[in-house]
1. When the scattering of segment 182-226 is computed by the Debye formula from its Cα atoms alone, each counted once and equally, what is log10 I(q)/I(0) at q = 0.14, 0.33 Å⁻¹?
2. Alpha carbons only, please: Rg and Dmax for segment 141-226, in angstrom.
3. Sort the following peptides by mean Cβ neighbour count (other Cβ atoms within 10 Å, averaged over residues), highest first: 39-52, 136-149.
4. Output the relative contact order of segment 1-130, whole-number percent, from Cα pairs under 8 angstrom with separation of 6+ residues.
5. Only helical DSSP H runs with n ≥ 4 go in: add -39500 (n - 2.57) per run for the chain, normalise by residue count and round the 222 nm mean residue ellipticity to 500 deg cm²/dmol.
6. If I take every Cα pair under 8 Å that is 6 or more residues apart in segment 123-178, average their sequence separation and divide by the length, what percent do I get for the relative contact order?
7. Looking at the chain, what % of the alpha carbon pairs are farther apart than 32 Å?
8. Out of the DSSP beta bridges found with both residues in the chain, what percent are antiparallel (nearest 5)?
Ligand code: DX5
Ligand code: ZN
């Protein structure tokens with residue numbers, strides 16, 4: 001919840017070295033990652049195609065951490081069950097990809113997984129207000145989805161503040177997570193705005209300092225701004 005001061009990190013395997021999957025997952029696990037973020041792209045909702053359940057199976061076998069599937073796919077209803085069957089404990093769907101968001105959230109939860117809603121930078125917070133109580137997390141995209149290594153979009157910060165206030169005011173048990181362009185500098189900004197779960201790809205796996213040092217730096221910057 002936003003009023004907690006615990007920062008959780010969710011390294012994104014989109015930037016991981018797949019020739020070294022198991023060792024890199026062990027490293028983030030030992031460095032205190034809370035969960036592993038799996039970016040699923042279908043070549044339709046976003047241009048690239050990335051992972052399907054086969055890769056999730058390999059990831060599942062290589063870590064004890066919770067896996068969260070970030071579904072950047074049209075018609076997510078068709079994909080949810082196979083990602084849960086492959087061991088994802090959290091499934092996040094984009095509001096922009098379904099006209100039946102309430103039903104999708106209920107379905108994910110009925111399968112025993114946690115349900116998240118992702119919002120593109122251009123999507124207003126208001127579209128989720130009537131389903132907020134049914135969501136376990138809101139993923140505020142701080143880049144346009146599709147690629148790692150993009151520049152953080154600062155204009156998303158007021159949206160994070162707005163959602164954090166709704167959650168606090170209503171006493172909801174819903175996490176705010178951010179995804180895209182998170183580094184030590186922007187981690188401090190999103191934490192100040194109310195985010196407590198931070199996805200990071202290139203700033204962790206591409207860091208010259210090494211995975212653990214990069215994670216520590218992001219976590220400390222965020223924790224210092226809660
Ligand atoms: C982008 C993905 C992100 C991506 C973040 O569409 O949803 O999870 O991996 O990468 P960085 O942290 O490099 O911006
Ligand atoms: Zn993502």
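1. -0.26, -1.16
2. When restricted to Cα atoms, segment 141-226 yields Rg and Dmax of 12.9, 42 Å.
3. In descending order of packing, they fall as 136-149, 39-52.
4. Result for segment 1-130 is 19 percent.
5. -9500 deg cm²/dmol
6. 51
7. 10
8. In the chain, DSSP labels about 5 percent of beta bridges as antiparallel.
Only the coordinates and a few stated rules stand behind these numbers; no lab work does. All of these numbers come straight from a predicted model, not from anything done at the bench. Please note: Cβ atoms are built from the backbone with ideal geometry, for glycine as well, and neighbour counts cover all protein chains shown.
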